[in-house]
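Below is one structure, written out as C-alpha cells; the observations come after it.
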Amino acid sequence: MGRYLLKFTKEGNIKYISHLDLLRVFQRALKRAGIRLRYSQGYNPHAKIGFAHPLSLGYESTGEYLEFETTDHAGADSQMKALTGCMPGGIRLLACRSLPETSKTSVAAAVTHASYVIRFHGDEKTGALMEEKSPEYIHKEEIICRKLNKKKQEVQTDIRPLILSFSAVKTNGSGSVFSMTLRTGSAGNLNPEMLIRSFCEFCGVEYVRHQWDYRRTEMYFLPERARQIRPLEEFSG
Amino acid sequence: MQVAKPAVYMGGELYSCEKEEENTELNFGFCFPDTYEIGMSYLGLQIIYHVLNGQENVFFQRFFAPGTDMEALMREKGLPLFSIEKKQPASEMDILGFTLQYELSFTNILNMLDLAGIPLRSRDRSERDPVIAAGGNCSFNPEPLADIIDFFMIGDGEDILREVTETAIRHKKEGGTKLGLLKKLSQIEGVYVPAFYRPQYGEDGLLAGYEKLYDGAPDRVVKRIVSDMDTVPYPLKPIVPFVDVVHDRSVIELFRGCTRGCRFCQAGMICRPVRERSRGKVVEYAEKQLDSTCYDEMSLLSLSTSDYSEIEPLVSDLMKSCRAREAGLSLPSLRLDSFSYEILDEIQKYRKTGLTFAPEAGTQRLRNIINKSITDEHIDNAAEQAIRLGYNHIKLYFMIGLPGETDEDLDGIAEIAGRINQIYRSVCRSMPERKGRFQVTVSVSNFVPKAHTPFQWAAQDTPEEFNRKHYYLKDRLRKIKGVSYQYHGTQTSLLEAVFARGDRRVCDAMVRAFELGCKFDGWTEHFDYAKWMQAFEETGISPEFYAQRLRGTEEFLPWDLIDCGVTKDYLLKEYRRAAEAVTTRDCREGCTGCGIRRLIQCPDYSGRRKDPQSEKAADSGRETESTQR
Ligand code: SF4
Ligand code: SF4
C-alpha cells in the first residue's frame, strides 16, 4: 500500500476542463500507468483519490495537488515517472512524495491558504488606477461583500480576515498583475473572484470576467505547532 | 465564464488526431448536428474517424452544433463554425458530411451551415463552398434534405467513405467543377445525388415519380453493405473525451442487422442482413479498447444484442476481460432465461440499475400486428426472475398510436404494470429477505411511421388523439401503486412523422422554421411548436398530409428511389399480414423472403439455436433510440 502527494500544473486549454473531469483524467492516467488505486470498503466503494482543493473552471495553476492511495508500494519517484507520459498536454507533474499510510488528516483537510497571481488585461489606464488603489483597498479595516448564503438570500460578509496578503506586482508593461494569498479550505475560504469583484467595485471599475486571467500558484498548510504556513509540498502528515 | 462548458470546444482529447497539413490532400469535416456530448457518444463517429484518419492523405475533423450560449458568442464576435481539431472554419473543408441520426436534428444542420457562412441550399452555393454530404439512417428517406445536401451515402459507411474520398482527391488533382465531381460520385454504389432527379407531382398533389436529369445516374440507389465484420476497421483507440459525455465508456459492436422483423422498426429493415463479428474479434477488440482508453465501463452495442449467436460464452469471456482490467460490463436488456444464474450474479455485481423490457404493445393481438414476439408469459417470467435477482426497478417501453390500436390495448399496458407489481408482492412473500422499494416505470412513446417499414403506408394519430390516449393511460396507471408514467411530447412526434416520410417539398418548411429560430428541436427546452406551425402555414405545407394521411399501397413513395435491400413487395406483404394480425417468424428460423438476398448472402442459421423460446423480452432497438433523447 502506498499514499502519495503529487504536485502538478494545469495550464493552457486544459484549464477549461472541470474539477470532476480532471479527476477522471487522473484516474485513467493512473490506470494507464499501471498504478492501481485502493478502494474504500463498504457498500459503495470509491477510489481513494482526491484533489487538495478544487480549482475553478478557467483558472490556470502551477500549484495543484492530488492525493492518492495505491495497492502496491512503489517509490514516489517511480510513480511520477510512470505517470508522466500518460498526462494530457497542459498538465506537468512537478513533484511527488510518499505520505505515511495512516494519517489523521487528508491533504484536503490540511489546506489553509492558497496564493494567486491574477492579471488584468483591460485598458492600461484602468489597470494603472487599480494598481494605485490597491494599498488603500487592503488597508481597510473591513471589506464588506454581498454574497448569497445557502438559502440563496443575500447576506453581507467581511472578507478582510480571509485575506493574508494582497498587492499589485510590478510588471514590464504586460497588463496589471495582482498577487494575493487567501484563506482556503473548510475552515475559511475566499474565492479570488469575489475579492477581485469587490476590489473593482472599490476602484469604480466594471468587472468583466474575460479581462482577468486567474492563476493559482501555490497552496499551503499550517504544520503542527508552527506559526507560519508552509507550501503543501512539504506536507508529511 | 461566458460559455458554460468551454471544454467541449477545446479538442486535444486522448487519441484525437492532428495531422500535418502538407500530407493532407482532402479536408473532410464530419458534422454532428447536435452537441459534443451527444455526438461523442455515437459509435458511428468513432468508426468513421478511425477509417478516414487512417487514410494518410485525408484529414478528418469534427464539427458539432455549439450550445446556445456558445452560438450567441460566436455570432456576436463573428466567429464561424470551427473544427475541434484545428479550429479551422467549416467553409475551408473540401467536403462537409453530416450524420443523420434523427429527424429532429435537421434544423441543426441548417444552423451549422449558416454558422459556417455557407448558403443553405445547394443551388445557392458556389464552387468555392464545400460539397455538402450526408449519411446515416435518416438518409434512407433523403428527400426532405434533398435541396440542402449535394450527395447522400446510403448504408454502411466504411467502404463508401473510402471510395468517395479517393474519388474526391483524384477529382481535386485533375481539377474540375462540383457538378463533375457529383457525376463521378454518382457512379459509386450507394451514392445518391438528388440534383440528378427531379420529382414529378400529379394533379392530385401526390408524387408521381422522378425524372432523371443525368443519364449516368443510377435508376435506383442501392444501399451499401459491409459484408465481413471481422475485416472492417474498428476503432481500438477511440477518442476519450475529457468531459463527461452521455455514454462515457468503451463500446463494442457485436453485429449489424436484426432478424426479428418488428413491423414498426426501421433499423430492423434497413440494416439487414445480420452480420456478426466473431467472438474472438469481439473479445480482442474489447481488451484492446479497454487497455487503450482505461475506461472503467464497457458496453455492447447491436440492435438486439442477446440475439448474438454465442452470447453466453461471449459474456462470460468479456466478464473475465473486464474483471482483469477493473472495468464493469454493462449489458443491455438481455433474455434472462438464456443465462446461467452464475453469470447473472456476476453481472449483478456491476450493474445495480434497473431492468428494461420493450413489449411495445399492451395486448397479444396488437403485438401480433406489430410482429413483436413477446408474450405475457415471457414478460411475467422475466419480471419474476429479475425481482428474485434483486432488481428494484423495472422499466417497460410501449408505443401508442400503433396501427389497429384500441383502448383495450391501452388497458393491456396497465394490466402488465399491475401484474408485475403482484409478482413482486408474491416473490416477497416467498423470499422474506427480498425487501426494499420496488418501482415499475411505464415509458410511452408515440408511434411514428417510418420509410422502408411495413407501416410506411400507415397514418399517424393526430396530436389530439395522442393526448387523449395519454390521459386515458395515465388515469389507468394512477390506480396502481408504485407505477410511474413517462411519455414523450406529441408535438415533436408529429414533426418527426412529417420528416420521416416527407418528400422534397417539406424542405421549404424546414428552412422557414430555421429562419424563425427553430433549432435543437429534440430538446424540450428549445422546441417551439408555434414557430413550426407558422413555418408550415407560410410555406403552404400541410403536416397532416405527411403525418396523418393513409397512403394507398400503389402510391409512389418519395423513398422508392432508394433500394434498402428489402423489397416493397415484401413490405406490402407484411403490411397485409399486420392487418390480419398474423405474425411472421424470426427469419433465423427460416428465410421469409425479404429480398436482401438479392444483394448479399444471409448467414446460415441452421447450426444455431432455434428454440421457439428464443423470442424473449429482448430488444435493444430501443436502446439505440433512447440515446436520441
Ligand atoms: S433474406 Fe431471408 S434470411 Fe435474409 S434477412 Fe431477409 S428474410 Fe431474413
Ligand atoms: S425493434 Fe428491436 S427486435 Fe424488433 S426489429 Fe427492431 S431491432 Fe429487431
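The values are calculated or read from the model by the stated rules, or taken from the named source; none is laboratory data. The structure displayed is predicted, hence computed values, not measured ones. Please note: Cβ atoms are built from the backbone with ideal geometry, for glycine as well, and neighbour counts cover all protein chains shown.
Summary table below
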quantity: Top-ranked residue of the range B:298-318 - restricted to ones that are in contact with a Lys or Arg (Cβ under 6 Å, 6 or more places away or on another chain) and assigned to a helix (DSSP H, G or I), ranked as farthest from ligand 2 (Cβ to nearest atom); calculated: B:Leu314
quantity: Residue in the range B:288-297 that is touching a residue at least 12 places away in the same chain (Cβ under 8 Å) and within 16 Å of ligand 2 (Cβ to nearest atom) present; calculated: no
quantity: Residue ID - farthest from the other protein chains (Cβ to nearest Cβ), chosen from residues in the range B:255-302 that are among the basic types (Lys, Arg) and over 28 Å from B:Gly404 (Cβ atoms); calculated: B:Arg275
quantity: Helices (runs of 4 or more DSSP H) fully within the range B:1-90 counting 1 or more residues that are within 14 Å of chain A (Cβ to nearest Cβ); calculated: B:36-39, B:68-77
quantity: Condition check for B:Arg588: at pLDDT below 95 and over 21 Å from the mean Cα position of the chain (by Cα); calculated: yes
quantity: Subset of the range B:366-387 that is out of contact with any Gly (no Cβ under 8 Å at 6 or more places or on another chain) and modelled with pLDDT of 95 or more - its residue that is farthest from ligand 1 (Cβ to nearest atom); calculated: B:Arg367
quantity: Options B:Leu572, B:Leu550, B:Leu495, B:Leu557: the member that is of a type outside the set (S, T, N, Q) and within 16 Å of ligand 1 (Cβ to nearest atom); calculated: B:Leu572
quantity: Close pairs from the range B:1-21: first under 16 Å from B:Asp244 (Cβ atoms), partner buried (at least 19 other Cβ atoms within 10 Å of the Cβ) and among the aliphatic types (A, V, I, L, M), Cβ under 6 Å, at least 6 apart; calculated: B:Ala7/A:Ile17; B:Ala7/B:Val243; B:Val8/B:Val243; B:Glu13/B:Ile239; B:Glu13/B:Val240; B:Leu14/B:Val240
quantity: Subset of the range A:114-135 [free of Cβ contacts under 8 Å to residues at least 60 places away in the same chain and of a type outside the set (Lys, Arg)]; calculated: A:Asp123, A:Glu124, A:Gly127, A:Ala128, A:Glu131, A:Glu132, A:Pro135
quantity: Residue in the range B:446-455 that is among the hydroxyl-bearing types (Ser, Thr, Tyr), closer than 30 Å to B:Glu574 by Cβ and either at pLDDT below 90 or outside the structural domain of B:Cys271 (by TED's automatic domain parsing) (or both) present; calculated: yes
quantity: Flag if B:Tyr295 is over 26 Å from B:Val566 (Cα atoms), in a loop (DSSP other than H, G, I, E, B) and more than 16 Å from ligand 1 (Cβ to nearest atom); calculated: yes
quantity: Candidates B:Ser426, B:Ser443 - the one that is surrounded by fewer than 22 Cβ atoms within 10 Å (Cβ to Cβ) and assigned to a strand (DSSP E or B); calculated: B:Ser443
quantity: Subset of the range B:292-322 (residues that are surrounded by fewer than 17 Cβ atoms within 10 Å (Cβ to Cβ) and closer than 15 Å to B:Arg249 by Cα); calculated: none
quantity: Out of A:Arg97, A:Arg119, sole residue that is in the same structural domain as A:Ile49 (by TED's automatic domain parsing), within 19 Å of the chain's Cα centre (by Cα) and of a type outside the set (A, V, I, L, M); calculated: A:Arg97
quantity: One residue from A:Gly2, A:Gly58, A:Gly42, A:Gly63 being away from chain B (no Cβ under 13 Å) and on the phi > 0 side of the Ramachandran plot; calculated: A:Gly42
quantity: Options B:Ala535, B:Ala509: the member that is over 28 Å from B:Phe264 (Cα atoms), surrounded by 19 or more Cβ atoms within 10 Å (Cβ to Cβ), modelled with pLDDT of 95 or more and out of contact with any strand residue (DSSP E or B) (no Cβ under 9 Å at 6 or more places or on another chain); calculated: B:Ala535
quantity: Hits in the range B:268-286 (condition: crowded, with 21+ Cβ neighbours inside 10 Å and more than 13 Å from ligand 1 (Cβ to nearest atom)); calculated: B:Arg277, B:Val282, B:Ala286
quantity: Options B:Leu45, B:Leu96, B:Leu81, B:Leu26: the member that is under 26 Å from the mean Cα position of the chain (by Cα), touching a residue at least 12 places away in the same chain (Cβ under 8 Å) and farther than 14 Å from B:Ala116 by Cα; calculated: B:Leu45
quantity: Of all residues making up the range B:132-174, the number that are among the acidic types (Asp, Glu) and touching a strand residue (DSSP E or B) at 6+ places or on another chain (Cβ under 7 Å); calculated: 3
quantity: The lone exception for A:Ser78 - which of (1) in contact with a Ser or Thr (Cβ under 7 Å, 6 or more places away or on another chain); (2) in a helix (DSSP H, G or I); (3) of a type in the set (Ser, Thr, Tyr) it fails; calculated: (1)
quantity: Number of positions in the range B:214-254 that are within 14 Å of chain A (Cβ to nearest Cβ), under 18 Å from B:Leu52 (Cα atoms) and either crowded, with 18+ Cβ neighbours inside 10 Å or not charged (D, E, K, R) (or both); calculated: 3
quantity: Number of the exception - B:Cys262 against (1) hydrophobic (A, V, I, L, M, F, W, C); (2) out of contact with any Lys or Arg (no Cβ under 8 Å at 6 or more places or on another chain); (3) within 16 Å of ligand 1 (Cβ to nearest atom); calculated: (2)
